[in-house]
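Written below as structure tokens is the structure these notes are about.
The values are calculated or read from the model by the stated rules, or taken from the named source; none is laboratory data. Model, not experiment: these values are computed from the prediction. Reconstructed Cβ throughout: ideal geometry from the backbone, glycine too, with neighbour counts over all protein chains shown.
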Amino acid sequence: MNILKIHILAILAVALTVTAITSCSKDFLDEELKTKRDYEYFSTEEGVQDAIISLYRSFRYPFTFEQGFTTTEYGVDHFTVGGDRSNSTWNDYTSNLSSAIVAVNINTTMIDAIWDNMYKAISMANMVLASLDEAVEDETAKKLYKAEALFTRAYSYFTLVQQYGGVVLKLEPSEGVDRHFARSSREECVNRIITDLRDAYADLPAEETEEGRLYKDVAAHFLAKALLYRCSEINDDWNSSHKTADLAEIITLADEVIAKHDLAPDFRDVFAFTKSDDANERLPEIIFAAQFSDANSAVEGNAMHLYFLSQYMNLTGLTRDIAGGREYQRTRTSDYIYDVFDLENDSRFWKSFRTKQNLNNAATAGQLSGKDGSTIDSIVYTYAQGDLGLIYLINKKGDTRFNKNAVNMTNHTGVYYLSPYTGKPVPHAYCRYYSDSTDHLRAVGLTNRFPSLNKWLDGARPTHNHTEGSRDGIIARVAETYLIKAEALIRQEKFADAIVVINEVRDRAAFKEGEDRAAYTDGGVAYETNSAGQSSYPEGILRNSHAKTNSYYESLSIAEATAATTLSNYTVSNLPAEDEAIITKLGYTSDYDRMMCFLLNERSRELVGEFHRWMDLARTKTLINRAKAFNPEAAPNIAEKHYVRPIPQTFLDRIYNDQGKPLTTEEKQAMQNPGY
């Protein structure tokens with residue numbers, strides 16, 4: 001385990017009670033000190049060092065509970081709501097998405113979740129910055145701590161601004177109890193974020209001195225991203241004077257990062273988790289990641305393995321296991337995701353989504369044996385643990401193989417599919433399209449049936465119900481840096497140059513000569529070397545639903561091939577067919593709009609499920625158009641106000657005006673975002 005992870009774990013034992021502009025329901029005057037350490041401790045060098053380590057905990061926040069996906073992957077084109085609707089209001093934009101969300105249950109993400117946690121990090125960063133001169137003598141250490149605090153403050157404010165718009169810009173620690181705050185404009189906030197990131201960039205070390213610790217490339221990536229945000233359409237009422245210089249700086253910064261970080265040779269390498277702190281968590285492609293480990297997972301772990309999985313435990317012959325994951329079924333893969341990929345030539349869909357699982361329940365697998373009651377087949381089939389049990393067939397419209405009226409065998413579900421690779425009907429088979437071109441995966445009652453995003457699966461957990469995962473949470477990787485650079489070039493209307501940059505990412509995604517297109521792995525495979533997890537089954541039967549193949553050939557119904565594919569044969573006026581179809585649906589005609597649409601599509605293909613999407617669509621002001629086109633649950637309700645979130649009511653209710661009195665109803669409304 002690296003030292004930073006150990007330090008973060010130790011700091012978890014220290015409750016850092018700081019007065020911030022959070023929206024907690026407790027009265028500010030009733031704060032209780034949770035440890036023997038008070039503010040004076042953070043005026044010592046030891047206290048500053050502990051405070052710095054505590055700042056790194058803030059980077060874990062998106063990965064620890066449902067806010068990670070509700071605020072980024074709901075309400076967009078990637079996913080709709082699956083079989084569990086605990087957070088559906090974030091996807092559907094109902095009236096409950098307000099300054100005071102009514103919780104469905106304890107899993108509901110409240111509107112103040114991001115607000116509170118980011119301001120806690122900002123408060124601690126401000127405390128560090130105010131204490132440095134008095135507490136730290138060594139100038140080298142002081143410079144590093146300052147840069148780390150500035151980056152964390154900028155990162156936290158960037159998160160806030162992307163979600164809420166202009167927020168309270170507080171750059172000094174509180175002395176006593178603060179209850180009077182005013183919102184700054186988005187322009188003021190963004191400019192401050194960029195200033196802090198530039199200062200952090202200047203003073204952070206050139207190389208990563210400790211795994212997971214900030215260094216210059218992290219600041220360069222996020223500075224480029226913040227500059228791109230400033231250039232984006234959501235800021236067009238004030239950003240015109242910045243665009244020329246910002247776009248040039250973005251490209252310079254991106255080139256600097258790209259020069260030092262190679263793309264992994266195979267896209268699957270990025271997410272092929274084997275165990276905590278193993279080599280795949282240290283790939284050069286990964287610029288920065290929130291640090292988790294098996295040592296701290298009992299206290300605070302990466303929970304993202306829970307939320308992108310479809311249900312399988314209730315299917316005959318299958319039961320929940322460590323490899324398959326604890327399926328909370330929150331996010332249901334959208335039709336847009338199936339349509340945005342070139343499924344035959346782009347490996348990323350097949351490496352990002354799980355489409356097969358094996359039977360893993362020896363007690364019920366035998367119940368699947370039976371004779372088909374239709375004329376399709378009269379053979380009696382028998383099944384055992386390890387046979388292919390579940391398949392998602394992402395076929396194309398016009399495929400005539402799947403008759404919705406075919407009679408299924410006893411205890412089988414979905415469509416009848418006789419697999420040419422097993423010689424048996426797959427017990428649980430779900431196709432995208434029936435032979436009459438109607439959509440099977442969108443059928444009523446199938447909200448819990450969809451290919452699962454596999455990027456966060458964690459087979460290193462000690463039991464199948466364990467919620468705290470140990471894999472790192474990737475925050476920045478160089479594939480995104482390429483796409484940031486490409487977007488800057490598009491905004492400069494250098495479309496041919498942008499295509500060259502995008503093709504660096506697309507070329508990696510194409511199938512290589514000799515590659516087995518059906519080969520599959522994900523982080524669940526860590527179970528195979530997880531002795532603690534294997535021993536957690538008291539009956540002594542190893543449960544493993546992990547299938548080592550995908551449904552590439554079964555879905556596409558094409559002959560096996562090992563030739564290289566290409567994703568680079570397109571131009572500005574003749575983009576890939578899947579992109580042209582989306583462009584037509586969205587109604588874009590100009591070269592600029594077409595290329596921006598292509599860029600956003602490419603971000604989907606590369607970064608789906610990595611917690612960027614809502615911010616990307618909001619900043620480019622494409623959120624409404626795309627949600628209406630591709631998210632049927634969001635379409636009826638999404639409106640202009642949804643480009644930002646409401647300011648939390650709990651915050652508004654606990655602050656004072658400049659006369660030292662609680663805000664009036666009118667003053668609260670004036671501080672609130674329009675429409676809420």
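Identify all residues within segment 222-237 that are in a helix (DSSP H, G or I), over 30 Å from SER293 (Cα atoms) and of a type outside the set (Phe, Trp, Tyr); write none if there are none. Walk me through it before giving the result.
In the first step, residues of segment 222-237 are kept if they are in a helix (DSSP H, G or I); the result is 222-231, 233-235.
Of the ones still in play, those that are also over 30 Å from SER293 (Cα atoms) are 227-231, 233-235.
Within segment 222-237, LEU227, LEU228, ARG230, CYS231, GLU233, ILE234, ASN235 qualify.
Would you pick out the residues in segment 536-547 that are at pLDDT below 95 and small (Gly, Ala, Ser)?
If we filter segment 536-547 for residues that are at pLDDT below 95, which is where we start, we get 536-543.
If the condition is that a residue be at pLDDT below 95 and small (Gly, Ala, Ser), then SER536, GLY540 are the ones that fit.
Is one or more of the residues making up segment 320-332 buried (at least 23 other Cβ atoms within 10 Å of the Cβ), assigned to a loop (DSSP other than H, G, I, E, B) and either free of Cβ contacts under 8 Å to residues at least 40 places away in the same chain or aromatic (Phe, Trp, Tyr) (or both)? No, segment 320-332 contains no residue that is buried (at least 23 other Cβ atoms within 10 Å of the Cβ), assigned to a loop (DSSP other than H, G, I, E, B) and either free of Cβ contacts under 8 Å to residues at least 40 places away in the same chain or aromatic (Phe, Trp, Tyr) (or both).
Looking at this structure, is SER310 within 30 Å of TYR537 (Cα to Cα), part of a loop (DSSP other than H, G, I, E, B) and either within 17 Å of the chain's Cα centre (by Cα) or polar (S, T, N, Q) (or both)? Yes: the conditions hold for SER310. Just name the residue that is farthest from SER184 (Cα to Cα) out of those in segment 626-649 that are crowded, with 19+ Cβ neighbours inside 10 Å and either of a type in the set (Val, Ile, Thr) or free of Cβ contacts under 8 Å to residues at least 12 places away in the same chain (or both). Among those residues, the one meeting the criterion is ILE638. Total residues in segment 573-591 satisfying the condition of being surrounded by 14 or more Cβ atoms within 10 Å (Cβ to Cβ) and either in a helix (DSSP H, G or I) or among the hydroxyl-bearing types (Ser, Thr, Tyr) (or both): the figure is 8.
Table: residues versus (1) among the polar types (S, T, N, Q); (2) on the phi > 0 side of the Ramachandran plot; (3) out of contact with any strand residue (DSSP E or B) (no Cβ under 7 Å at 6 or more places or on another chain).
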residue	(1), (2), (3)
ILE234	no, no, yes
SER241	yes, no, yes
ASP246	no, no, yes
GLU256	no, no, yes
ARG282	no, no, yes
GLU285	no, no, no
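Return the residues of segment 182-214 that are hydrophobic (A, V, I, L, M, F, W, C) and crowded, with 16+ Cβ neighbours inside 10 Å; say none if nothing qualifies. First the steps, then the outcome.
Taking segment 182-214 first, the residues hydrophobic (A, V, I, L, M, F, W, C) are 182, 189-190, 193-194, 197, 200, 202, 204, 206, 214.
Of everything in segment 182-214, those that are hydrophobic (A, V, I, L, M, F, W, C) and crowded, with 16+ Cβ neighbours inside 10 Å turn out to be CYS189, VAL190, ILE193, ILE194, LEU197, ALA200, LEU204, LEU214.
Which residues, taken from segment 59-77, are of a type in the set (Gly, Ala, Ser) and either surrounded by fewer than 21 Cβ atoms within 10 Å (Cβ to Cβ) or not in a loop (DSSP other than H, G, I, E, B) (or both)? Once the filter is applied, which keeps residues that are of a type in the set (Gly, Ala, Ser) and either surrounded by fewer than 21 Cβ atoms within 10 Å (Cβ to Cβ) or not in a loop (DSSP other than H, G, I, E, B) (or both), segment 59-77 yields only GLY68.
Each row is one residue, and each column tells you yes or no for (1) buried (at least 23 other Cβ atoms within 10 Å of the Cβ); (2) of a type outside the set (Phe, Trp, Tyr); (3) in contact (Cβ under 8 Å) with a residue 60 or more places away in the chain; (4) in contact with a strand residue (DSSP E or B) (Cβ under 6 Å, 6 or more places away or on another chain).
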site: THR80; (1), (2), (3), (4): yes, yes, yes, yes
site: ALA130; (1), (2), (3), (4): no, yes, no, no
site: GLU134; (1), (2), (3), (4): no, yes, yes, no
site: LEU144; (1), (2), (3), (4): no, yes, yes, no
site: TYR155; (1), (2), (3), (4): yes, no, yes, no
site: SER174; (1), (2), (3), (4): no, yes, yes, no
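The residue list THR447, THR422, THR463, THR413 contains one member that is of a type in the set (Val, Ile, Thr) and under 30 Å from ALA279 (Cα atoms), which is THR463.
Can you pull out every residue in segment 133-187 that is of a type in the set (Phe, Trp, Tyr) and assigned to a helix (DSSP H, G or I)?
From segment 133-187, those of a type in the set (Phe, Trp, Tyr) are 145, 151, 155, 157-158, 164, 181; that's our starting set.
Those that are of a type in the set (Phe, Trp, Tyr) and assigned to a helix (DSSP H, G or I): TYR145, PHE151, TYR155, TYR157, PHE158, TYR164.
Of all the residues in segment 258-288, those that are touching a residue at least 60 places away in the same chain (Cβ under 8 Å), closer than 19 Å to ARG60 by Cα and assigned to a helix (DSSP H, G or I) number 4. The condition (being farther than 26 Å from PRO674 by Cα and in contact with an Asp or Glu (Cβ under 9 Å, 6 or more places away or on another chain)) is satisfied by just one residue among ALA182, ALA130: ALA130. Consider segment 650-669 and keep the residues that are among the polar types (S, T, N, Q) and touching a residue at least 40 places away in the same chain (Cβ under 8 Å). The one that is surrounded by the most Cβ atoms within 10 Å (Cβ to Cβ) is THR650. Provide a single number: the residues in segment 201-221 that are within 23 Å of ALA479 (Cα to Cα), out of contact with any strand residue (DSSP E or B) (no Cβ under 7 Å at 6 or more places or on another chain) and in a helix (DSSP H, G or I). Result for segment 201-221: 4.
Among the residues of segment 472-495, some residue qualifies, meaning at least one is touching a Gly at 6+ places or on another chain (Cβ under 9 Å), at pLDDT 95 or above, assigned to a loop (DSSP other than H, G, I, E, B) and buried (at least 19 other Cβ atoms within 10 Å of the Cβ). Scan segment 431-449 and tell me whether some residue there is in a strand (DSSP E or B), closer than 22 Å to MET313 by Cβ and modelled with pLDDT of 95 or more. Scanning segment 431-449 turns up at least one residue that is in a strand (DSSP E or B), closer than 22 Å to MET313 by Cβ and modelled with pLDDT of 95 or more.
Quick one: is ALA564 farther than 25 Å from TYR312 by Cα, exposed (fewer than 14 other Cβ atoms within 10 Å of the Cβ) and in contact with a strand residue (DSSP E or B) (Cβ under 8 Å, 6 or more places away or on another chain)?
Details: farther than 25 Å from TYR312 by Cα: yes; exposed (fewer than 14 other Cβ atoms within 10 Å of the Cβ): yes; in contact with a strand residue (DSSP E or B) (Cβ under 8 Å, 6 or more places away or on another chain): yes.
Taking the combined requirement at face value, the residue satisfies it.
If you filter segment 519-559 down to residues that are among the charged types (D, E, K, R) and either touching a strand residue (DSSP E or B) at 6+ places or on another chain (Cβ under 7 Å) or without any contact (Cβ under 8 Å) to a residue 40 or more places away in the chain (or both), you find that the one that is surrounded by the fewest Cβ atoms within 10 Å (Cβ to Cβ) is GLU539. Note on segment 100-141: residues that are over 26 Å from ALA154 (Cβ atoms), polar (S, T, N, Q) and in contact with a helix residue (DSSP H, G or I) (Cβ under 6 Å, 6 or more places away or on another chain) amount to 0. Go over the candidates THR80, THR108 one by one and state the one that is outside any helix (DSSP H, G or I), of a type in the set (Val, Ile, Thr) and closer than 16 Å to SER334 by Cβ. Within the list THR80, THR108, the selection yields THR80. A count restricted to segment 423-462 and to residues that are crowded, with 24+ Cβ neighbours inside 10 Å and acidic (Asp, Glu) stands at 1. Can you say whether LYS628 is more than 27 Å from ILE475 (Cβ to Cβ), assigned to a helix (DSSP H, G or I) and in contact with a Pro (Cβ under 7 Å, 6 or more places away or on another chain), as far as the supplied structure shows? Against the criterion (more than 27 Å from ILE475 (Cβ to Cβ), assigned to a helix (DSSP H, G or I) and in contact with a Pro (Cβ under 7 Å, 6 or more places away or on another chain)), LYS628 does not qualify.
Look at (1) part of a helix (DSSP H, G or I); (2) within 24 Å of ARG654 (Cβ to Cβ) and you find that LEU97 fails only one, number (1).
If you go through segment 61-75 one residue at a time, do you hit one that is among the charged types (D, E, K, R) and free of Cβ contacts under 8 Å to residues at least 40 places away in the same chain? Steps first, please.
Taking segment 61-75 as the starting set, the residues that turn out to be among the charged types (D, E, K, R) are 66, 73.
Keeping just the survivors that are free of Cβ contacts under 8 Å to residues at least 40 places away in the same chain gives none.
Scanning segment 61-75, I find no residue that is among the charged types (D, E, K, R) and free of Cβ contacts under 8 Å to residues at least 40 places away in the same chain, so the answer is no.
Restricting segment 124-142 to residues that are among the aliphatic types (A, V, I, L, M) and over 35 Å from the mean Cα position of the chain (by Cα), the residue that is nearest to PHE42 (Cα to Cα) is ALA135.
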